[in-house]
Every structure is written in C-alpha cells, then in structure tokens.
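Engineer: Structure in structure tokens, see below.
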Amino acid sequence: MTPTAPKGGEHALWEGSPALLTELRDLLITHVSEGTLRVVLQQLMLREGGREAGVHEVIDAVVDVGGNLVAFPVAGSVREDQRAADRLDAALTRLRAEITEEMGAQPEGLEVIIDGDGHREVRIAFALEISPQDVAGRPAPPALHDGAHHIRHAAPALDDLRDRLTPPPPSLLRRWWDALRGESRRGV
C-alpha cells in the first residue's frame, strides 16, 4: 500500500511486517479451538465530543458448527491470560507504530484477520467518528468488523475456506477396510 491514508471511514489493506503478523497469529491461535476458520481482532478508537474516549476491542473466532458459520468471542480468554494480554498489547503497539511511521498518522481502526489456512492481513481506517454509544447500540456501526460482520460479508469465502480445511470423508473402500480391521482386533 502506498503511504496515502484511505478515505475517512474506509478500511484499506495494509501490507506490513509478516513477522509481526506471525507473532499475532501464534498468540491468538492458542485461544481458539482446532478447526477455527478465522480469527478477527479489531480495535476501534472511540471519540466523544471530538476527544478520545477509549478503545473498543473485539477478538472473535469464526467456526463451523454443523454446517453453520458461527462467531464466538475469545477476547475474554486472551485478556484473562495476563502473559498473553501483555504480549498482545506489545505486538499491537509495534504494529500501530509501523503503520504510523509509514502512513504519517495513527489508524483509528485496526483489524487483524487470521485464516485457518495461514492467510493473514491487516486492515486500517482513519477519520472514524465512533462513540461508546455507537458500539453499544444497534445496529452496529459499519466500521465494526467483528466475527458476525465477517460471516455476513464474507460467507462465500469462509465457506470455501471451510471446504479447503475439512478433510474429505474416507472412501467406501477405506471405511470397509477400517471396519474389517476393527473386527479382527476384537477377535471376531
């Protein structure tokens, strides 16, 4: 990406440090179940009356449950583990510093996407005007990209990812062979 900030409120792909994204992936995947399709981490700077009013953080895992895509919050698990929380904060601080250095401004929206196939990306947004009431209300602000947002807006890609990550069912011959071996072990 060129050092030109995206238009206010729009998210743009930022290509930064692969090593830092690997560190974030390694940290987050320890807090999700095996078979997770996507982990989404997003931080939005909140503003109230033009002043900073905190950060809204979402860490969600998108999983397949009986053929349905479901988002589960995992922020509690990550934040309850003090060592993981400290490592996450340090990595996000370094990521923000890299973005700020390249873009000349700190992003107000930072989104890290980690897919089960190893794909990782960072999306950034500037000039967001989101208040604490906005993120607490319904409908959610368009800038909020939690797991549910990814399911609504990227379902075909997530379905494709699920299909690629799910091993094919065993062939009829393999099932027959496994059944035969199972009977011979029981002494039948």
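Engineer: Hey, among the residues in region 61-82 that are of a type outside the set (A, V, I, L, M, F, W, C) and in a loop (DSSP other than H, G, I, E, B), which one's most open to solvent (accessible area, probe 1.4 Å)?
Structural biologist: Across region 61-82, the extreme among qualifying residues is Gly66.
Engineer: Please identify the pairs in which a residue from region 3-32 that is closer than 23 Å to Ala85 by Cα has its Cβ atom under 9 Å from the Cβ atom of a residue that is aromatic (Phe, Trp, Tyr) and modelled with pLDDT of 90 or more, counting only partners at least 6 apart or on another chain.
Structural biologist: Taking only residues 6 or more apart or on different chains, the pairs are Val32/Phe72.
Engineer: For residues that are touching a Lys or Arg at 6+ places or on another chain (Cβ under 9 Å) and either in a helix (DSSP H, G or I) or among the aromatic types (Phe, Trp, Tyr) (or both), tally how many sit in region 83-108.
Structural biologist: The initial filter retains those residues of region 83-108 that are touching a Lys or Arg at 6+ places or on another chain (Cβ under 9 Å), namely 85, 88, 106-108.
Among the residues that remain, those that are also either in a helix (DSSP H, G or I) or among the aromatic types (Phe, Trp, Tyr) (or both) are: 85, 88.
Going through region 83-108 one residue at a time, the tally reaches 2.
Engineer: Also: Which one is farthest from the chain's Cα centre (by Cα) among residues in region 88-116 that are open to solvent by 60 Å² or more (accessible area, probe 1.4 Å) and over 28 Å from Leu158 (Cα atoms)?
Structural biologist: Gly104
Engineer: May I ask you to list the residues in region 15-52 that are under 11 Å from the mean Cα position of the chain (by Cα) and assigned to a helix (DSSP H, G or I)?
Structural biologist: Residues satisfying the conditions are Leu24, Arg25, Leu28, Ile29.
Engineer: Any idea which residue in region 143-167 is nearest to the chain's Cα centre (by Cα), counting only those that are outside any helix (DSSP H, G or I) and exposed (fewer than 12 other Cβ atoms within 10 Å of the Cβ)? Before you say what the answer is, go through the steps one by one.
Structural biologist: As a first pass, look at region 143-167 and keep what is outside any helix (DSSP H, G or I): 143-146, 166-167.
When the remaining residues are screened for being exposed (fewer than 12 other Cβ atoms within 10 Å of the Cβ), the result is 166-167.
Working: Thr166: 19, Pro167: 23 Å.
Filtering first and then ranking leaves Thr166.
Engineer: Collect the residues in region 33-61 that are of a type in the set (A, V, I, L, M) and either touching a residue at least 40 places away in the same chain (Cβ under 8 Å) or at positive phi (or both), keeping them in residue-number order.
Structural biologist: Answer for region 33-61, where residues must be of a type in the set (A, V, I, L, M) and either touching a residue at least 40 places away in the same chain (Cβ under 8 Å) or at positive phi (or both): Leu37, Val39, Val40, Leu41, Leu44, Met45, Leu46, Ala53, Val58, Ala61.
The values are calculated or read from the model by the stated rules, or taken from the named source; none is laboratory data. If you're wondering where the values come from, they're calculated on a predicted model, not measured in any experiment. Quick reminder, even Gly has a Cβ in these numbers, built from the backbone with ideal geometry, and neighbours come from all protein chains shown. To get the accessible areas, we keep the full protein, side chains included, count just its heavy atoms, and leave off ligands, DNA and RNA. Shrake-Rupley method; radii C 1.70, N 1.55, O 1.52, S 1.80 Å.
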